[in-house]
Amino acid sequence: MRDLLCPECGTPLSIEVKEDNATGFILISLFCEGPGDDEYRLEINTCMWNEEFSEWEEIGSTQNMSMKLVERKPDQDYTLNWDTMELLERDH
């Protein structure tokens, strides 16, 4: 399996699974804890409650989910070169 990388710094994204306080749906958050001051976070709303996961038995069946980009702010001092995967200093 390949890591999902932060589009700002190239660091593998961290994953957090939690319950939405308002709806009770299970949320999957992907976020950056990389070396820079960039901010990146997206959220996948499964649109399912915990009980529904345990009852979901049909192999190959799909569920509708939604994704939302919650934060994206580049580091002011560095940018990622996707060809070399190096963080490069920005010219100010």
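The values are calculated or read from the model by the stated rules, or taken from the named source; none is laboratory data. As the structure is a prediction and not an experimental result, all values here were calculated from the model. Using ideal geometry, Cβ is built from the backbone for each residue, glycine included, and neighbour counts are taken over all protein chains shown.
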Restricted to the range 69-91 and to residues being surrounded by 12 or more Cβ atoms within 10 Å (Cβ to Cβ) and either among the hydrophobic types (A, V, I, L, M, F, W, C) or in a loop (DSSP other than H, G, I, E, B) (or both), the residue farthest from the chain's Cα centre (by Cα) is ASP77
The residue from LEU88, LEU5, LEU13 that alone is modelled with pLDDT of 90 or more and aliphatic (A, V, I, L, M) is LEU13
Pairs returned, first residue in the range 6-32 that is touching a residue at least 12 places away in the same chain (Cβ under 8 Å), second residue that is part of a loop (DSSP other than H, G, I, E, B) and among the small types (Gly, Ala, Ser), beta-carbon separation under 8 angstrom, 6 or more apart or interchain, are CYS6/GLY34; GLU8/GLY34; GLU8/GLY36; CYS9/GLY34; CYS9/GLY36; GLY10/GLY34; THR11/GLY34
In the range 51-92, residues that are closer than 25 Å to PRO35 by Cβ and touching a Cys at 6+ places or on another chain (Cβ under 8 Å) total 4
Looking at this structure, is TRP82 on the phi < 0 side of the Ramachandran plot, aromatic (Phe, Trp, Tyr) and touching a residue at least 40 places away in the same chain (Cβ under 8 Å)?
yes
Within the range 13-32, residues in a loop (DSSP other than H, G, I, E, B) and under 11 Å from the mean Cα position of the chain (by Cα) come out as LEU13, CYS32
Counting only residues in the range 28-68 that are of a type in the set (D, E, K, R) and within 26 Å of THR79 (Cα to Cα), the one surrounded by the most Cβ atoms within 10 Å (Cβ to Cβ) is identified as ASP38
